[in-house]
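A.B. asks: Take this structure, written in structure tokens, and hold onto it; I'll ask about it next.
The values are calculated or read from the model by the stated rules, or taken from the named source; none is laboratory data. The structure displayed is predicted, hence computed values, not measured ones. Note that each Cβ is placed from the backbone with ideal geometry, even for glycine, and that neighbours are counted across all protein chains shown.
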Amino acid sequence: MSIDKVREALGNIFGRNKKRWLFRKDVEPFVNDIQNVEFDQDVFLPKDSIKPAIFTFHLDANFRFLKVAFHIVSRTNEGKIKLSNKAGRDFDLGSFQDFSVPYYCKFPYQTNELILSLQSEEAFKINQLEFIAITSLEYKLMKLKQYIIKFRRILQKQPHLINRFKEEYKKNGLGFAVKKVKEKLYKNEINSNVIVMQDKVRISSKNKDNQILFVSHNAQKAGASLLALNIVRTLNNYYKKEVTILLMQGGPNESEFSKYGTVYNLNQNSLSYIENEKEVENLLIHFKDNGIKECITNTVVSGVLTRTLNKLNIQTISLIHELPTSIKTYNYIQGAEYISKYSNKIVFPNRFVEEKFVEEFVVDSDKMVIKSQGLYSKNSNDYDKIKSKKQLCDLLNIPHNVNIVLGCGYADLRKGIDLFFSVAKKVVQQKGKENYHFVWLGETDPVLKNWLLHDASTLDIQSNIHFMGFVDQPLFVFAAADIFLLTSREDPFPTVAMEAIDNGTPVLAFLEAGGIPELIEKIGGNSIPYLNVDKMAEETINLLENSVEYSLLSTKGKEIVTADYNHEEYVKFLLMTLGSGLDEYEKKSKFLKERPYKVSVIIPNYNYEKFLPERLYSIIGQTYTPDEIIFLDDVSKDNSIQVAEEILKSSSIPFRIIRNNVNVGCFGQWIKGIDTSRGDIVWIAEADDVCEVNFLETLLPEFMDQEVNLVYSQSQIIDEHSNKIDFQYTQYTDDLSITKWRSPYKVDGQLEVVEGLGIKNTIPNASAVLMRKSALSGIEDVLAHYKIAGDWLGYLYVLRRGKISFNPTVLNYHRRHTQSIISVKEQSTDLYKEMIAVKKFISDNFYLPAELQDRFLMHIENEYSRLGCKGYSSKSIYENPEIAAEYEELKKGLEEKIKSINYLQEKRKILFVTPDLGVGGGQMLVIRLANYFSMFQEVYIYNSRPWIIDEQMVKMISSKVNILHSSGDPQELKQYIISENIMVVNSHIWWSDKTAFHAIKDLNEVNWIISMHGCYEALLRQPEIDRDFKQVVSQMLNRANTIIYATEKNAEIFNTVDIERSKTRKVYYGYQLQSIPSKDRMLLGINENDFVFGLISRAIKEKGWEESIQAAMLLHKEYPDMHLILVGQGEYADSLKEKYKQYNQIHFINQFNAPSEWIGWLQIFDVALLPTYFVSESLPNSVIEYLAYNKPVIATDIGDIKYMIHSEEYNKDAGILLSLDSEGKVDVNDLTRSMKLMMDDSDKFNEYKFNTRLLFEQFAMHDFASNYFNFFTRTKK
């Protein structure tokens, strides 16, 4: 019956559209077959939305040429239309449209049967459908008309093509020029320009996180296209990425690209813009739907896609290789502008290209990074210069003892083939024809080549000029050459120049033509003034006649290219810039497999019955299954509980349904859910929202960083029918930053407050948030008072300590409907009271710099002015007597706090110089200082000994700190100080002090602060540690503007070196509590009630490790439930672990997977040990950390440890102090007795534990930073 309805409906459509034509006629169609469609109330309905609706028509005549006129619409017009016949000729007619569309078809043979395929997930309406037989002449005329329109559109955007047409006409005649136009226009008769190059489509891999999209402008055998091919090869072969390759145009290397990924060729006629933007967007949506989240675009040309990529939230970095003249000449301006606006990061090969680009285009400086592409065709020593030269000379039929000067590229004016020729002419005329031959590697413009050969013949140097053409394996040519001339007028950073250098061939290039002169300067060579061919000819002769200089440049060039231009490292850099990760990916996979954290899903509900199925199925269908679901119903009046129970029972996930007896409100539900949850991670999934099924899988691994307390994704607003609303939350945050929320980030909670969360609630929806439960401890005391702004308060509470991580991918859908939107009538006094309370919480718990003070406060005033307040006509908060006083109190309190803290009042550039980035207390202090100040100041770090690096230490450095590239050269440091206009330098430990001194000894305006640690007294006793010590220590200390020491022991140097004591200051270290969760004792087989001693330090003998083990072994017989945990790394730890491996109560922790992971182990100690007799011990970080986490201490009386655990002012102790014996070592028996006391005397133990808070106050990070900032701003003498 339904099929008859469809036939009848189609008959009516054909009937009302039937027309009488003089020279052509409508083809009478008969409906042969109908599949997957029915008709109801004027619309066609697909039975299965995944499959197309298919109509098969038999026509009353045969034809080859046909006009199809159609007008097919749906609500979204996202349907697709295809037409074919049984012979297999297919036409893609495009998408549904709101207007009538004509389409002209040419079949290879006469046909009388058509198959119409309509792919639509929703109902559609056919307003017009006509099949009209036309003549061959009409088909050609109509196609020509379409091509003319298309050609005009192309010329409008690419006016330079007119000149190309004229050039073709002049050179080769009208016929040839028209042929070229036809090639451009007839290239794609079918609407869709997308061609899949492989039968096997690998994009649908289940391993979605391992996918990446790569866009190249074409697949030619030249320049940037070859670089693209090699990046793709490295991504696939080296980093095992599944690559989808999108080519703007094809080329001879398409098949090469297809070896390393699935290739899609857009076959664009124009490279200035996207011709079929809707189809391309649909393709990118397909990629996104199949898991692609990251993209690399290569060249400015590919930048035309970045707007769409940004729209789809595909993280994109763009590689720019072009300079402005080329961009303008070939009209690639749109690509450049889109890259500037929409790419997440922009990678330039060198500073020259970056500077030239920003002269023409506005780019956010945070987006720009510099990284050379590296050398992908390395000389693997297969190309000996002597053998290669013989091979090339034989090929060119020239003597083996001549000088060969090489040029390379497509020989045109940009590459400077005319300049290369001019240099050749001058050199040969000056030095004679016998000794110099000039070879050009690469294709040459045929007309230009003829003229150059003509000139060479006229000048009688034709035997010295050689055009080789394209060579597939050219490395032997680079090895054979004696010198390489880069004569380009504009060439950003050509790989061929690096290939020459890598093969021992020095390079000459023009200044102001590209970035290669930067590399030449690094090597020690000279570059030539722009287009000065006389100077280039002169330098070519000089270099080839100076064997010493030639040898130096050849050797050093190879060394630098090998060390600094590694292609695999370049690709790794791109992946890391994208946030793609390599080792991180492996760690993530392991994390998801091992499931170290349990996830509790809390669903607060009130009358959301109709939204519950979609909400609950999005939770129980997660690719990472939650561990429990807690459904909280707040006295709903609908059938919410029944719906929830039925759905949750269908899942294997444990669940609980909690029914409230009285309505407690949104945040009352939060409190109850958090309190009853059993998981480590809490997800408050509001009952009316919905999410992607990979929400947990994507966000949870961020908690691998144990300092992360909150992770959230970007959200998208949907309406009550689950339709996406045309609003992006970045529009809400753009007033704070137009870049921050378009890229993933992970920062300290304090920094997040400064960058936005302190101004307004920048987390749009609680359902997009995961929180660590341990960070929520105690929240019920503050959250219970909130009804409106409790979510904002909750995020801030969690971030008092720890970090926040953001993923810009939309994984959460926030439903806005009449039940959820706060209407104007609800803008009561309570709303503003809560906003003021939140701001008061921020003022009390965080630090806001003075520059944010007005904006912080004006947010409340602006909201009041915008929304008003129920019961008050005035839009001024000061005229509301219920809240004006509270607001004034907030303003006054914030102002007083800012005035009391010096580093909040002004901003400085501060450079911290560290001795190295190895594991050590001094190094840790530098990082903590730099991280802390970076939230308020502009901070830099320089590593004095860059060869000493621990990756975990580097990971601890905040992203806000500028890490300066370091070679350890004081002159390099000096240049940084000058170029960055840094006026404050703070160095720590002798080796950094020495480096800083040599850098700034002549920079009298720089305020230099030395922070002494334990090394100076060690050097006094053992000056042979550094032979420079005695020679420069006096000069250094006298040049310093301030000298900070932590203990009296550190001050011993002042008895030897005569300095002005007024510039010395004693300052204790500072420490900021870290939000790192406690480890599980059971991981070591330790029961909850067992007594645990622990020691954290560098694993060296003098830190008392073995003495601690011996004491523990003595106690173990009497106390079998006692354990000792030793935390630290080094060969000494490994040797002790092997020596005492049979003792189950001794535990070694010497592998760390995350920065500061040892804090988690520290938290399971009952008592902390440091029986050190290390000669340089002064103010050990370990003891500070022990006190910070309330651990009673047993330590030795060395350095200032006695003052660390004893308060003279209050006569309080936080532990037991041990004296060293006559040999300066710890007595094991004393240590044993002290450990026994801690276990036996619970009163004493609790007293020490209580006093740790008091003793830690002297190490508060705020006071420490404030003291330092006083010295940073101190007037220099």
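A.B. asks: Can you confirm whether the stretch 1122-1129 contains a residue that is touching a residue at least 12 places away in the same chain (Cβ under 8 Å), of a type in the set (G, A, S) and not in a strand (DSSP E or B)?
C.D. replies: The answer is yes, given that some residue of the stretch 1122-1129 is touching a residue at least 12 places away in the same chain (Cβ under 8 Å), of a type in the set (G, A, S) and not in a strand (DSSP E or B).
A.B. asks: Tally the residues that are under 29 Å from L852 (Cβ atoms) and not aliphatic (A, V, I, L, M), restricting the search to the stretch 905-960.
C.D. replies: 20
A.B. asks: A follow-up question, please. I need the full set of residues from the stretch 774-786 which are of a type in the set (A, V, I, L, M), part of a helix (DSSP H, G or I) and over 19 Å from P596 (Cβ atoms), in order please.
C.D. replies: Correct list: V782, L783.
Let's see how each residue does on (1) within 30 Å of I1100 (Cβ to Cβ); (2) among the charged types (D, E, K, R); (3) surrounded by 18 or more Cβ atoms within 10 Å (Cβ to Cβ):
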| position | (1), (2), (3) |
| --- | --- |
| R1233 | yes, yes, no |
| F1250 | no, no, no |
| F1256 | yes, no, yes |
| F1264 | yes, no, yes |
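A.B. asks: Which ones in the stretch 309-344 are under 19 Å from the mean Cα position of the chain (by Cα) and β-branched (V, I, T)?
C.D. replies: I314, T316, I317, I320, I339 - these are the residues of the stretch 309-344 that are under 19 Å from the mean Cα position of the chain (by Cα) and β-branched (V, I, T).
A.B. asks: Tally time: how many residues in the stretch 706-758 are loosely packed, with under 15 Cβ neighbours inside 10 Å, of a type in the set (G, A, S) and not assigned by TED's automatic domain parsing to the domain that holds D688?
C.D. replies: 0
A.B. asks: Quick one: in the stretch 926-965, of everything that is under 15 Å from S987 (Cα atoms) and hydroxyl-bearing (S, T, Y), which residue is nearest to the chain's Cα centre (by Cα)?
C.D. replies: The extreme case among them is Y940.
A.B. asks: Now a separate question. Any idea which of (1) surrounded by fewer than 18 Cβ atoms within 10 Å (Cβ to Cβ); (2) in a strand (DSSP E or B) is the one E512 doesn't satisfy?
C.D. replies: Failed condition: (2).
A.B. asks: Grab the strands (runs of 3 or more DSSP E) fully contained in the stretch 641-719, keeping just those with 1 or more residues being under 14 Å from Y606 (Cβ atoms) and among the basic types (K, R).
C.D. replies: By residue number, 655-659.
A.B. asks: Looking at the stretch 573-580, is at least one residue touching an Asp or Glu at 6+ places or on another chain (Cβ under 7 Å), modelled with pLDDT under 90 and β-branched (V, I, T)?
C.D. replies: Within the stretch 573-580 (the criterion being touching an Asp or Glu at 6+ places or on another chain (Cβ under 7 Å), modelled with pLDDT under 90 and β-branched (V, I, T)), the answer is no, since none of the residues qualifies.
A.B. asks: Across the stretch 556-570, what is the total count of residues that are at pLDDT 85 or above and either outside any helix (DSSP H, G or I) or out of contact with any Gly (no Cβ under 8 Å at 6 or more places or on another chain) (or both)?
C.D. replies: 2
A.B. asks: Quick test of your reading of the structure: V232 fulfils all but one of (1) of a type outside the set (G, A, S); (2) farther than 24 Å from F493 by Cα; (3) within 20 Å of the chain's Cα centre (by Cα). Name the failing condition by number.
C.D. replies: (2)
A.B. asks: Only one residue in Q975, Q971 is of a type in the set (S, T, N, Q), under 24 Å from M1036 (Cβ atoms), surrounded by fewer than 19 Cβ atoms within 10 Å (Cβ to Cβ) and touching a helix residue (DSSP H, G or I) at 6+ places or on another chain (Cβ under 8 Å). Which one?
C.D. replies: Sole residue among the options that is of a type in the set (S, T, N, Q), under 24 Å from M1036 (Cβ atoms), surrounded by fewer than 19 Cβ atoms within 10 Å (Cβ to Cβ) and touching a helix residue (DSSP H, G or I) at 6+ places or on another chain (Cβ under 8 Å): Q971.
A.B. asks: Looking at the stretch 993-1010, can you tell me whether even one residue there is buried (at least 19 other Cβ atoms within 10 Å of the Cβ), of a type in the set (A, V, I, L, M, F, W, C), closer than 23 Å to V1175 by Cβ and not assigned by TED's automatic domain parsing to the domain that holds L1179?
C.D. replies: Looking through the stretch 993-1010, at least one residue is buried (at least 19 other Cβ atoms within 10 Å of the Cβ), of a type in the set (A, V, I, L, M, F, W, C), closer than 23 Å to V1175 by Cβ and not assigned by TED's automatic domain parsing to the domain that holds L1179.
A.B. asks: Same structure again: Only one of these conditions is not met by F484: (1) closer than 30 Å to F348 by Cβ; (2) assigned to a loop (DSSP other than H, G, I, E, B); (3) touching a helix residue (DSSP H, G or I) at 6+ places or on another chain (Cβ under 9 Å); (4) not acidic (D, E). Which number is it?
C.D. replies: (2)
A.B. asks: Looking only at residues that are touching a residue at least 60 places away in the same chain (Cβ under 8 Å) and assigned to a helix (DSSP H, G or I) in the stretch 520-534, which one is farthest from Q473 (Cα to Cα)?
C.D. replies: The extreme case among them is D534.
A.B. asks: What pairs come up if the first residue lies in the stretch 104-122 and is basic (K, R), the second is in a strand (DSSP E or B), and their beta carbons are under 8 Å apart, counting only those six or more places apart or on different chains?
C.D. replies: Listed pairs, sorted by first residue: K106/R64; K106/F65.
A.B. asks: Can you name the residue in the stretch 470-481 that is over 13 Å from G407 (Cβ atoms) and not in a helix (DSSP H, G or I) and, of all such residues, is modelled with the lowest pLDDT?
C.D. replies: So, considering only residues that are over 13 Å from G407 (Cβ atoms) and not in a helix (DSSP H, G or I), the one modelled with the lowest pLDDT is D472.
A.B. asks: Considering each of D1230, D1263 in turn, give the residue that is closer than 29 Å to D705 by Cα and outside any strand (DSSP E or B).
C.D. replies: Unique residue meeting the criteria: D1263.
A.B. asks: Okay, next question. Among the residues of the stretch 740-773 satisfying the criterion of being among the small types (G, A, S) and not in a loop (DSSP other than H, G, I, E, B), which is nearest to L857 (Cα to Cα)?
C.D. replies: Among them, the one singled out is G756.
A.B. asks: Any residue that is modelled with pLDDT of 95 or more, of a type in the set (S, T, Y) and either closer than 25 Å to Q1074 by Cβ or crowded, with 16+ Cβ neighbours inside 10 Å (or both) - is there at least one of those in the stretch 668-691?
C.D. replies: yes
A.B. asks: Could you list, in sequence order, all residues of the stretch 1036-1058 that are over 46 Å from the mean Cα position of the chain (by Cα) and in a helix (DSSP H, G or I)?
C.D. replies: E1052, I1053, F1054, N1055
A.B. asks: Take L531 and tell me if it is outside the structural domain of F214 (by TED's automatic domain parsing), more than 13 Å from V507 (Cα to Cα), at pLDDT below 85 and touching a helix residue (DSSP H, G or I) at 6+ places or on another chain (Cβ under 7 Å).
C.D. replies: It is false that L531 is outside the structural domain of F214 (by TED's automatic domain parsing), more than 13 Å from V507 (Cα to Cα), at pLDDT below 85 and touching a helix residue (DSSP H, G or I) at 6+ places or on another chain (Cβ under 7 Å).
A.B. asks: Quick one: Y597 ticks every box in (1) surrounded by fewer than 16 Cβ atoms within 10 Å (Cβ to Cβ); (2) under 32 Å from the mean Cα position of the chain (by Cα); (3) not in a helix (DSSP H, G or I) except a single one, so which number is it?
C.D. replies: Result: Y597 passes all but (1).
A.B. asks: Report whether or not Y872 is under 20 Å from L793 (Cβ atoms) and touching a helix residue (DSSP H, G or I) at 6+ places or on another chain (Cβ under 8 Å).
C.D. replies: In short, no.
A.B. asks: Please go through the stretch 44-55 and pick out each residue that is in contact with an Asp or Glu (Cβ under 9 Å, 6 or more places away or on another chain) and surrounded by fewer than 16 Cβ atoms within 10 Å (Cβ to Cβ).
C.D. replies: Matches in the stretch 44-55: K47, S49, I50.
A.B. asks: Being under 21 Å from F1271 (Cα atoms), touching a strand residue (DSSP E or B) at 6+ places or on another chain (Cβ under 6 Å) and hydrophobic (A, V, I, L, M, F, W, C) is true for just one of I1000, I978, I963, I927. Which residue is that?
C.D. replies: Selected residue: I1000, the only one of I1000, I978, I963, I927 that is under 21 Å from F1271 (Cα atoms), touching a strand residue (DSSP E or B) at 6+ places or on another chain (Cβ under 6 Å) and hydrophobic (A, V, I, L, M, F, W, C).
A.B. asks: Look at Y786 and say whether it is over 13 Å from I842 (Cβ atoms), assigned by TED's automatic domain parsing to the domain that holds V664, of a type in the set (S, T, Y) and buried (at least 21 other Cβ atoms within 10 Å of the Cβ).
C.D. replies: Taking the combined requirement at face value, the residue satisfies it.
A.B. asks: Testing V1033 on (1) part of a helix (DSSP H, G or I); (2) in contact (Cβ under 8 Å) with a residue 12 or more places away in the chain; (3) farther than 18 Å from S992 by Cβ, one condition comes back false. Which one is that?
C.D. replies: All conditions are met except number (3).
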